[in-house]
Each structure stands twice: as structure tokens, then as C-alpha cells.
Amino acid sequence: MNVNKKIIGMDIGGSHATAGLFDPDQRKDEPLSMAGRDIDSGEQATDIIGNISDTILELMGGNTSVQHIGIAFPGPFDYANGVSAICNVGGKFQSTFGLHVQQALSDATGLAQTQFRFKNDAHCFAIGAWHRYGLAGKNVVFLTLGTGFGSAFYSNDKLVEQHPGIPASGAFFNQPFEKSIADDYFSTRWILGEYAGLTGKKDMTVRALAEDPDSPATYVFNQFGKNLGSFLQPWLQQFNCDVLVLGGNISKASHLFEPSLRTALTGLSVLPRIISCSDTESCILSGAAFVVKEERTPGIAELPVTCLRKSEQALLPLQHTKTGHEGYQLYPAYRSGVPVFKGFDTLAAKIANDHIVVMDGFGSVYWERFRRHLHEALQALGKKVFWYDISMCLRPVAETDRMIAGSLNEKDPLFGKRFEGELADFFDPSKLELLQPDADADICIVYGTGATLSGWKGTNIYIDVPRNEIQYRSRAGHLCNIGAVEPAPAGQMYKRFYFIDWPMLAKHKDRSLPNIDIIVDEQRIDQITWMEGHDLRDTLRKMMKAPLRARPWFEAGVWGGQWMKQHFKGLNKEEVNYAWSFELITPENGIVIEGNDLLLEVSFDLLLFSGHDQLLGKAAKRFGKEFPIRFDFLDTMDGGNLSLQCHPRTDYIREHFGEKFTQDETYYILDNKDASHVYLGFREDIDPGTFRKALDNAQAFGTAVEAEKYVQKFPSKKHDLFLIPAGTVHASGKNNLVLEISSTPYIFTFKMYDWQRLDLNGKPRPINIGHAMNNLDFSRKGAVVAQTLISHPVIATELENGQQVSLPTHPDHFYKVDRYEFTGSISIATNGQCHCCMLVEGDRVEVTAGGTSVKFEYAETFIIPAHAESYTITHNTPGKAYLVVASVKDEAC
């Protein structure tokens with residue numbers, strides 16, 4: 001038979017595989033031809049896949065032109081990606097647990113260009129029966145009654161899995177009924193169990209009882225129908241069910257239970273038509289074959305790369321290229337002297353002879369797309385690869401939600417509390433034990449975030465993705481948080497990232513670092529770079545004495561300005577503005593490593609995991625593996641005012657948000673124009689109650705707040721330093737370029753008033769009056785503000801060719817700020833502290849530390865690890881250089 005342009009539908013059961021051939025242009029319920037064979041669902045995965053693929057090939061008769069193959073596969077199963085989640089069902093298909101069945105079947109059949117689609121048998125039955133019985137325009141409930149209680153729903157001529165009238169899970173089986181769940185009452189085991197309880201006979205079948213029913217069997221079936229009607233009645237009413245279709249082996253006994261079912265449904269306002277399907281198998285096969293006709297959202301692996309991130313910012317280039325201009329560099333890189341590789345083909349060649357590969361990584365990797373690329377490269381080398389998805393071992397979503405509820409704090413739209421648990425807490429230990437590699441595959445790869453928790457021993461690959469790219473991906477709507485199955489709105493997703501995902505993933509990465517064999521930078525999605533783990537660790541060790549710069553990234557904002565756009569060449573000029581530059585916000589910055597002109601980015605925290613004591617020196621005792629200081633730009637040049645805001649006091653941030661230290665800030669004015677100013681501290685006559693009422697009225701009624709009635713306003717000029725300890729009301733006004741020197745926490749901004757404006761998406765920004773009022777220090781008012789919250793420079797040391805100027809910070813600040821004003825060269829001792837530096841006056845400097853010399857441009861942030869002990873700064877261009885240096889105060893350690 002010529003099967004060109006034909007389609008195949010399959011039904012996989014615990015003991016059989018049946019396939020039917022269909023013509024997609026002729027919608028018929030009966031297949032053109034069929035093939036089938038017995039299978040042993042307790043066999044090894046290789047044997048199961050082999051039997052299913054042999055059934056397909058037998059039906060095709062040697063012709064490989066098949067459009068697609070739809071497969072009804074028992075659950076639980078990740079039907080969208082074709083991955084088995086079957087476990088603990090009497091051993092059936094347990095060897096396939098975690099296996100990417102779609103990929104395995106595509107390889108085994110050699111049908112790489114044929115689309116394989118999967119659905120559960122109840123859904124396939126519904127699709128087939130809906131067509132067979134001509135049920136267009138009806139609300140239909142389909143039941144498959146057999147070893148389990150399957151269900152499916154049609155409304156508006158579509159298969160629906162979410163609907164106000166059906167369970168949230170989209171199925172009946174797990175809904176409560178009597179003393180248990182529905183699946184325990186509407187399945188073969190209930191009928192046989194009840195019959196055995198009445199007669200003592202335990203070796204019966206439903207078919208035998210239906211064909212020759214004795215009095216106990218009649219009673220059991222009658223009770224079965226009564227129970228079924230009792231369970232279904234409220235659901236059928238809610239769904240406005242017009243038709244109820246019964247399928248599965250038990251439906252063949254419908255003449256014994258349908259009368260009591262009908263009686264139990266008499267309370268419905270409209271009694272649905274009941275259809276007992278005489279050929280469930282054909283409906284399943286035709287439904288599976290035509291499943292491709294159902295609407296389907298394209299998967300990550302199928303979408304254009306432009307749909308996978310939402311940002312105006314460019315990706316990190318693949319290769320280091322000279323910019324052709326001097327000035328601020330967007331992609332600073334550390335020259336490692338070790339090789340960096342590019343492409344999935346080189347990675348495949350590296351692991352081609354490894355039987356076991358463990359592919360772990362940070363959350364937000366596009367795992368399925370990555371997997372497909374690597375699989376193609378391995379297949380080109382002639383390798384048979386079985387892929388196992390670690391996410392099948394995750395705990396149920398409801399269980400995870402209960403575990404993180406205290407940290408997520410859904411009452412607060414912005415802030416949660418840092419999750420103190422581990423990544424392992426999200427996984428079911430019993431499922432991790434079930435995940436086992438197949439001995440007959442050339443390569444078995446367990447992949448996904450947390451893959452090392454499988455306990456497999458093999459080559460360890462870690463895939464990293466920068467935090468800025470994670471945010472861009474989340475805005476595109478294609479990411480899920482760890483333990484979730486649906487993307488959350490971007491704001492809620494970020495909240496869960498910050499308070500739950502990132503803290504536990506950082507701990508997991510810390511433990512993984514010593515055992516990484518290969519690290520991969522996945523941010524470019526379809527073009528990777530990678531390096532060997534020992535080279536990574538050696539590079540991190542070398543960095544501990546070298547001048548370093550994190551890779552900055554940039555964000556627009558409602559108050560954003562134009563200074564960075566005008567001064568930093570290479571930034572996208574089409575962006576509306578740039579409000580922030582994440583210069584050194586280490587939880588969200590990466591470091592770029594260059595090897596043979598290729599660029600690979602890893603998260604900054606790897607430096608801390610590699611040697612926090614060498615990086616931080618004396619401060620390591622207090623701060624551990626958390627970097628204490630951040631630098632970032634706030635650009636309001638030709639922009640607007642920041643919101644009136646404050647930050648939480650130390651005890652408040654610890655109690656409510658789980659942070660170890662708080663967000664004490666300073667504003668260093670790098671540049672300004674046109675009578676710029678800073679809002680700082682209260683007026684002498686401040687009345688907290690009146691201020692609160694003004695804020696509440698602004699929020700409730702849109703009443704403008706005259707900020708100057710309550711908050712002082714100071715003129716700003718270049719090189720001023722304004723001090724903003726936690727609890728201080730403040731805001732940068734328009735026309736400043738602020739270098740924000742702060743302790744590292746960075747999201748705990750309690751906005752009180754935002755000038756009645758909308759954000760760049762046309763929505764109000766969240767206001768946090770309650771949090772703010774709980775933290776504001778109303779004693780910072782009047783003359784005391786100018787005396788204590790504006791730094792008054794003091795010459796600390798006269799140098800041969802300049803001076804060290806101390807810019808005293810507030811007693812609440814654990815860090816100090818110095819400014820070195822000099823010509824030529826000066827040497828600075830780290831004195832056992834990490835130095836965070838920026839050239840704030842002058843064109844560029846050359847910095848030498850630990851035998852490494854690096855040039856840094858005006859406004860570039862760089863650090864000198866404590867372990868470097870000292871460094872030399874050389875300024876060779878005319879005029880005086882100003883270098884700002886921030887470090888932890890010795891007394892704060």
C-alpha cells in the first residue's frame with residue numbers, strides 16, 4: 001500500500017501496542033490498515049521502544065513518508081514534550097520513567113522528519129468519538145472506564161482542559177468521592193474488589209462478570225452506576241453537559257449499570273444523552289491520528305529565537321572584537337589564557353564516548369531547545385542517546401506551593417522572604433531513585449536543573465545563563481519557576497526568582513563547582529560557548545589577584561535619562577532611555593572569560609564560591625559568600641525624579657525578608673546639569689500623620705503631593721556624596737547621573753510617592769506606604785540632615801602627586817568611600833579588603849595588580865580582590881584623575 005501522505009494513530013497499553021493508518025484527507029473512523037503486537041511493559045526501556053517502533057515500521061511497510069504519528073500513551077506523561085512520568089503503577093513502563101520517549105521513538109524508527117505527538121488515551125478517545133458520533137455544538141463529557149478512570153471534555157467544539165465547569169486538574173480521577181478519590185471507585189479494581197468481597201472469588205474479570213452476571217455481579221454493577229451518577233451529577237450540571245459518552249472495557253457492561261446511572265442523574269435540570277461506545281479502540285486510534293488537528297502552542301524548540309527574549313539590549317557577542325573606539329566598554333572580558341570552545345558539535349565530540357552524562361544547570365535554561373541541538377550533534381556522530389528529564393522527579397505543584405508559601409507571601413505583591421531550603425526539597429526522593437539509565441544505549445543523559453540529584457556518576461556538565469537574560473526570557477513569557485508548570489506574570493515570576501529560586505540554586509551551584517567537568521554559557525540559545533571545568537576553576541583562582549570588571553547591563557525606566565545613551569557607545573540608541581546600569585550588583589552580574597577570542601559568561605558568584613576569603617579578605621568573616629557592596633548608575637539626565645522612597649532598617653529586612661544586611665545607600669554625583677537636586681531628609685516641621693495622610697490621598701484619589709512641604713531639597717553638583725542610611729526619605733531629582741554606592745541588597749525600595757505617573761508599560765508602579773512608614777526615621781530632619789547626611793570631604797593622606805580624600809559615610813554604613821585625586825601613578829594597599837573602584841574624573845587608567853595590567857575607562861566599575869594586597873593606578877593623559885574606592889570598614893568586620 002502506498003502510505004504517502006498518510007498519518008498513524010497508536011494506542012499503547014500495558015500489554016499491547018496497536019497502530020492504525022489513516023488518510024488525513026478523508027476523515028474516517030476506521031483505519032485503512034492496522035498492525036499490533038504484544039508488549040511487556042515491565043521490560044527495559046530499549047525493548048519497549050523497540051516494540052513500539054517495530055509496530056510503526058510494520059504498518060508502514062517500508063515507506064517512510066508519513067506526515068505525523070499520534071500516540072495515546074498512558075500517564076502520567078509530559079504529553080507536550082513526549083517524556084514519560086510513569087512510575088509506581090505496578091511496574092508498568094517504569095523503565096521509561098523520565099525517558100524522552102518522543103526522541104527515542106524518532107531515533108528508533110528513523111523518522112527524524114516525522115512529527116510525533118502524544119495525548120492520554122481519554123483525550124484521544126474524546127477526539128475520535130466526537131467525530132464518530134457527530135457531536136459538534138455540544139458540551140460533551142467523555143469517560144474511559146477501565147483500569148483507571150479517564151475523562152475528557154469538549155466545549156465549543158474543542159477539547160478543553162480548563163473550564164469553569166470541570167475540575168482544576170482537567171480530569172475526574174483525583175477528585176474526592178466517598179472515602180477516597182474517584183479513581184478508586186470507577187475502575188476495574190473496584191468492581192472486582194466488591195465482587196470478591198461478596199463472593200470470595202478473586203480471579204474474575206469484568207468481561208466474565210458482564211457476559212454471565214450472577215446476582216452479586218448484578219448488584220455490583222448496579223451500585224457502580226449509582227455511584228457514578230452520584231459523582232457525576234454536580235459536574236454535569238456545572239458543565240451544562242448535553243452528551244455523556246462512555247468508553248473503555250467497563251462500558252461494554254453498560255447494559256448492567258446504565259439504568260442505575262440514569263436514575264442517579266434524574267436530579268439534573270436536563271438529562272444528557274448517554275452513548276455507550278462499542279469500539280473504544282478505533283476511537284482512540286482515530287483520535288490519536290488526528291490529534292495534530294487540535295490546536296497546539298509551539299514548544300520552545302520550535303519558536304523563532306527572537307520570540308524567546310524580550311529586550312532591546314544585545315546579546316553578548318560570540319567573539320571578542322575591538323570596538324574601534326576608546327571609552328566605556330559594554331563587554332569587558334578577563335583573558336584567561338585557556339581555550340573556550342563554541343558550538344554543539346564540539347561539545348558532542350567531547351562527550352561522544354561517555355556512557356553517562358549529567359547535565360545540570362541554573363533555572364531558566366531553555367532545556368528542550370538545548371537538548372535538541374546537542375542530540376542532533378550526537379546523532380551526526382552515530383550515537384544512540386537516551387535522554388532522561390530530571391523534572392519528572394519534581395514534587396507535585398500543590399506540595400511545592402505549600403512548601404514555599406511562607407517565603408512567597410502572596411499578600412505582598414513585591415516582597416517575599418528568602419527561602420532557606422535546598423533544591424533537593426523540590427524533588428521526590430523516591431522518584432529520583434527510580435530514574436535509571438538504560439544499559440543498552442550508547443549515551444544516557446539526565447538533564448535539567450537539579451540533574452546531579454539523580455546520583456548518576458558520569459561527566460558533569462553545568463549550563464549557566466546570566467540573570468539579565470533570565471529576566472528578558474521571563475518577559476517573553478516562556479519560563480517557569482522551579483516547581484511550577486505554568487509561567488507566572490513577569491513581576492510574580494521575578495519575586496519567586498529572587499526569594500526562592502535564586503538563593504537555593506546558588507547553594508546548589510556552590511556545591512557543584514568542584515565537580516563540574518564542562519561549563520556551558522547558554523545565553524545565545526542556538527550558539528553556545530563552553531570550557532572545561534578545571535580550566536574554569538584555574539581561571540577563577542587567577543582572578544583572585546587581578547583587576548576585574550563585571551559585565552554591566554542596562555534597563556530603561558519611567559524616570560530614565562539620556563546620559564548613558566550619549567556617552568556609552570554601543571548601547572542601543574533606539575531604547576527610550578536608560579535609567580539603570582547594573583555595574584556591580586553581584587547577584588545579577590556575570591563575569592566574561594575570553595579564550596582564543598571566544599567569550600563565555602558565568603555568574604559573578606562563582607568567584608565567591610571559588611574563594612570568598614581571597615576575594616573579600618577581612619570582610620569574608622561577616623559576609624561569607626555574599627558580596628557586600630554594589631555600584632550602579634541612576635541616570636535622570638533629561639529624565640525625571642525618582643520616586644520618594646526609603647529602605648528597610650536592618651532588623652526589619654531580617655525579620656520580614658530574610659536578608660542578612662540591609663540596603664544602606666549613598667549617591668555619588670558623577671555628573672549633573674541645570675540646577676539639579678536631591679531630595680533628602682525631612683523638613684524640620686514634619687508631622688508624620690500629615691505626611692502619611694498626603695501619601696494615602698495621593699494613592700487613593702490621585703491628589704498630588706507637594707514634596708517640598710515635607711522633604712528637603714538640596715542642590716547637587718559633581719563629586720558630591722549624599723548619605724542614605726536605611727530609613728531615610730530620599731530621591732534623586734532630574735538631571736543627575738548618580739553613581740549609587742550601596743550595600744548589595746537592591747530591590748527593597750519602599751516607594752511612597754511616584755509623582756502620579758505610569759511606568760513604561762502604562763501601568764502604575766507599586767507603592768509601599770505601609771512598609772515605608774514602618775521604617776522612616778523622622779528624626780532625620782532639619783539642620784541635622786545637612787550635617788550628617790551630606791558627606792564633608794576630609795584630606796586623609798597627602799601623596800607625592802596627589803591626595804587621598806576621605807568621604808565620610810554615616811555610622812550606619814558598614815563601608816567607607818575614599819577618592820584618590822592624582823596625576824601619574826599611585827599605589828594603593830588593599831589592607832585586607834576588596835576594593836570597588838571607579839574612575840570618576842579623567843579619561844582612562846591602567847591598573848596593575850598581581851602581575852596583571854588592565855586598562856579601565858572613565859565611569860567603568862572594577863574591583864581589586866583583597867588577595868591582591870596592593871595595586872598601581874597610572875593615569876597618562878593630561879589633567880588630574882579622580883578614583884573613587886569603596887571598601888568595607890575594618891571595624892564593621
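The values are calculated or read from the model by the stated rules, or taken from the named source; none is laboratory data. This structure is a prediction, so every number in the text was calculated from the model and none was measured. Here Cβ is always computed from backbone atoms with ideal geometry, including for glycine, and neighbour counts include all displayed protein chains. In case anyone asks, the SASA skips ligands and DNA or RNA and just uses the protein heavy atoms, side chains included. Shrake-Rupley method; radii C 1.70, N 1.55, O 1.52, S 1.80 Å.
Here are Pro766, Pro745: which of them is under 26 Å from Phe691 (Cβ atoms), in contact with a Ser or Thr (Cβ under 7 Å, 6 or more places away or on another chain) and part of a loop (DSSP other than H, G, I, E, B)?
Pro745
Could you tell me whether the range 784-798 includes any residue that is in contact (Cβ under 8 Å) with a residue 12 or more places away in the chain and charged (D, E, K, R)?
Taking the range 784-798 as the starting set, the residues that turn out to be in contact (Cβ under 8 Å) with a residue 12 or more places away in the chain are 784-786, 788-794, 796.
Now drop any that are not charged (D, E, K, R), which leaves none.
No, that holds for no residue.
Out of the range 180-198, which residues are open to solvent by 50 Å² or more (accessible area, probe 1.4 Å) and among the β-branched types (Val, Ile, Thr)?
Filtering the range 180-198 for residues open to solvent by 50 Å² or more (accessible area, probe 1.4 Å) gives 181, 184, 189, 194, 197-198.
Residue satisfying the conditions is Ile181 alone.
Run down Glu821, Glu860, Glu869 and say which single residue is open to solvent by 30 Å² or more (accessible area, probe 1.4 Å) and acidic (Asp, Glu).
Just one listed residue meets the conditions, Glu869.
Of all the residues that make up the range 725-742, how many are closer than 28 Å to Glu659 by Cα, hydrophobic (A, V, I, L, M, F, W, C) and assigned to a strand (DSSP E or B)?
Going through the range 725-742, the residues closer than 28 Å to Glu659 by Cα turn out to be 725-732, 738-742.
From what is left, the residues that are hydrophobic (A, V, I, L, M, F, W, C) are 726, 729, 731, 738-739, 741.
Remaining after also requiring assigned to a strand (DSSP E or B): 731, 738-739, 741.
Adding up the residues that qualify gives 4.
Quick check on Ser806: is it part of a strand (DSSP E or B), in contact with a Phe, Trp or Tyr (Cβ under 9 Å, 6 or more places away or on another chain) and at pLDDT 95 or above?
Spelling it out, it is not the case that Ser806 is part of a strand (DSSP E or B), in contact with a Phe, Trp or Tyr (Cβ under 9 Å, 6 or more places away or on another chain) and at pLDDT 95 or above.
Phe554: over 28 Å from Arg395 (Cβ atoms) and either touching a strand residue (DSSP E or B) at 6+ places or on another chain (Cβ under 8 Å) or modelled with pLDDT of 95 or more (or both), yes or no?
Considered against the rule, which asks whether it is over 28 Å from Arg395 (Cβ atoms) and either touching a strand residue (DSSP E or B) at 6+ places or on another chain (Cβ under 8 Å) or modelled with pLDDT of 95 or more (or both), Phe554 comes out as yes.
With (1) at pLDDT below 95; (2) within 30 Å of Leu59 (Cα to Cα); (3) open to solvent by less than 70 Å² (accessible area, probe 1.4 Å); (4) not aliphatic (A, V, I, L, M) as the list, and Ser276 as the residue in question, which single condition is left unmet?
Unmet for Ser276, out of (1) at pLDDT below 95; (2) within 30 Å of Leu59 (Cα to Cα); (3) open to solvent by less than 70 Å² (accessible area, probe 1.4 Å); (4) not aliphatic (A, V, I, L, M): (1).
Exactly one of (1) within 23 Å of Arg496 (Cα to Cα); (2) modelled with pLDDT under 95; (3) open to solvent by 50 Å² or more (accessible area, probe 1.4 Å); (4) assigned to a loop (DSSP other than H, G, I, E, B) is unmet by Ala439. Its number?
Every listed condition holds for Ala439 apart from (1).
Which condition from (1) modelled with pLDDT of 95 or more; (2) loosely packed, with under 14 Cβ neighbours inside 10 Å; (3) closer than 30 Å to Glu574 by Cα is the one that Tyr328 breaks?
(2)
Let me spell it out: the conditions are (1) open to solvent by 50 Å² or more (accessible area, probe 1.4 Å); (2) modelled with pLDDT of 95 or more, and Pro878 meets all of them except one. Which number is the exception?
With (1) open to solvent by 50 Å² or more (accessible area, probe 1.4 Å); (2) modelled with pLDDT of 95 or more applied to Pro878, the lone miss is (2).
Out of Ser65, Ser84, Ser95, I need the residue that is within 23 Å of the chain's Cα centre (by Cα) and not β-branched (Val, Ile, Thr). Which one?
Testing whether each residue is within 23 Å of the chain's Cα centre (by Cα) and not β-branched (Val, Ile, Thr) leaves just Ser84.
Run Pro298 past the list (1) in contact with a strand residue (DSSP E or B) (Cβ under 9 Å, 6 or more places away or on another chain); (2) open to solvent by 50 Å² or more (accessible area, probe 1.4 Å); (3) of a type outside the set (A, V, I, L, M, F, W, C); (4) closer than 30 Å to Glu522 by Cβ and report the number of the one that doesn't hold.
(1)
Is it true that some residue in the range 707-724 is free of Cβ contacts under 8 Å to residues at least 60 places away in the same chain, aromatic (Phe, Trp, Tyr) and part of a helix (DSSP H, G or I)?
No - not one qualifying residue is present in the range 707-724.
Out of the residues in the range 59-77 that are farther than 26 Å from Thr144 by Cβ and open to solvent by 20 Å² or more (accessible area, probe 1.4 Å), which is modelled with the lowest pLDDT?
In this case the residue turns out to be Thr64.
Each row is one residue, and each column tells you yes or no for (1) without any contact (Cβ under 8 Å) to a residue 60 or more places away in the chain; (2) touching a Leu at 6+ places or on another chain (Cβ under 6 Å).
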{"residue": "Asp157", "(1), (2)": "yes, no"}
{"residue": "Ile166", "(1), (2)": "no, no"}
{"residue": "Ala182", "(1), (2)": "yes, no"}
{"residue": "Leu192", "(1), (2)": "yes, no"}
{"residue": "Ala208", "(1), (2)": "yes, no"}
{"residue": "Gly229", "(1), (2)": "yes, yes"}
{"residue": "Cys241", "(1), (2)": "no, no"}
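Of all residues in the range 659-678, which are buried (at least 23 other Cβ atoms within 10 Å of the Cβ) and aromatic (Phe, Trp, Tyr)?
Tyr667, Tyr668
Val847 - would you say it is of a type in the set (Val, Ile, Thr), farther than 24 Å from Arg335 by Cα and either modelled with pLDDT of 95 or more or open to solvent by 50 Å² or more (accessible area, probe 1.4 Å) (or both)?
No, not satisfied.
Of all the residues that make up the range 374-391, how many are under 26 Å from the mean Cα position of the chain (by Cα) and open to solvent by 50 Å² or more (accessible area, probe 1.4 Å)?
The number of residues fulfilling the criteria is 1.
Is there any pair with a first residue in the range 244-256 that is closer than 11 Å to Val206 by Cα and in contact (Cβ under 8 Å) with a residue 40 or more places away in the chain and a second that is polar (S, T, N, Q) and assigned to a strand (DSSP E or B) whose Cβ atoms are under 7 Å apart and which are 6 or more apart or on different chains, and what are they?
Final answer for the pair search is Ser251/Ser276.
Residue by residue through the range 375-404, note down the ones that are assigned to a loop (DSSP other than H, G, I, E, B) and free of Cβ contacts under 8 Å to residues at least 40 places away in the same chain.
Leu381, Gly382, Pro396
Kindly list, by first and then second residue, each pair from a residue in the range 760-778 that is surrounded by 15 or more Cβ atoms within 10 Å (Cβ to Cβ) to a residue that is among the polar types (S, T, N, Q) and in a helix (DSSP H, G or I), limited to pairs with Cβ atoms under 6 Å and residues at least 6 apart or on different chains.
Listed pairs, sorted by first residue: Ile767/Gln699.
For the list (1) at pLDDT 95 or above; (2) under 26 Å from the mean Cα position of the chain (by Cα), I need the number of the one condition that Ala349 fails.
Only one criterion is unmet by Ala349, namely (2).
What pairs come out if I take residues in the range 45-73 that are on the phi > 0 side of the Ramachandran plot and pair them with residues that are surrounded by fewer than 18 Cβ atoms within 10 Å (Cβ to Cβ) whose C-beta lies under 7 Å away, six or more apart or interchain?
Gly61/Met1
For the list (1) in a loop (DSSP other than H, G, I, E, B); (2) modelled with pLDDT under 95, I need the number of the one condition that Thr306 fails.
All conditions are met except number (1).
Please give the number of the condition Ser676 fails out of (1) under 20 Å from Leu807 (Cα atoms); (2) in contact (Cβ under 8 Å) with a residue 60 or more places away in the chain.
Of (1) under 20 Å from Leu807 (Cα atoms); (2) in contact (Cβ under 8 Å) with a residue 60 or more places away in the chain, only one is false for Ser676: (1).
Hey, does the range 827-841 have a residue that's touching a Gly at 6+ places or on another chain (Cβ under 7 Å), under 21 Å from Lys545 (Cβ atoms) and open to solvent by 20 Å² or more (accessible area, probe 1.4 Å)?
Yes, the range 827-841 contains at least one residue that is touching a Gly at 6+ places or on another chain (Cβ under 7 Å), under 21 Å from Lys545 (Cβ atoms) and open to solvent by 20 Å² or more (accessible area, probe 1.4 Å).
Here are some conditions: (1) surrounded by 22 or more Cβ atoms within 10 Å (Cβ to Cβ); (2) part of a helix (DSSP H, G or I); (3) in contact with a Phe, Trp or Tyr (Cβ under 6 Å, 6 or more places away or on another chain). Phe370 meets all but one. Which one does it not meet?
(3)
Given the criteria within 30 Å of Gly483 (Cα to Cα), touching a residue at least 12 places away in the same chain (Cβ under 8 Å), of a type in the set (S, T, N, Q) and open to solvent by less than 20 Å² (accessible area, probe 1.4 Å), does Ser364 qualify?
yes
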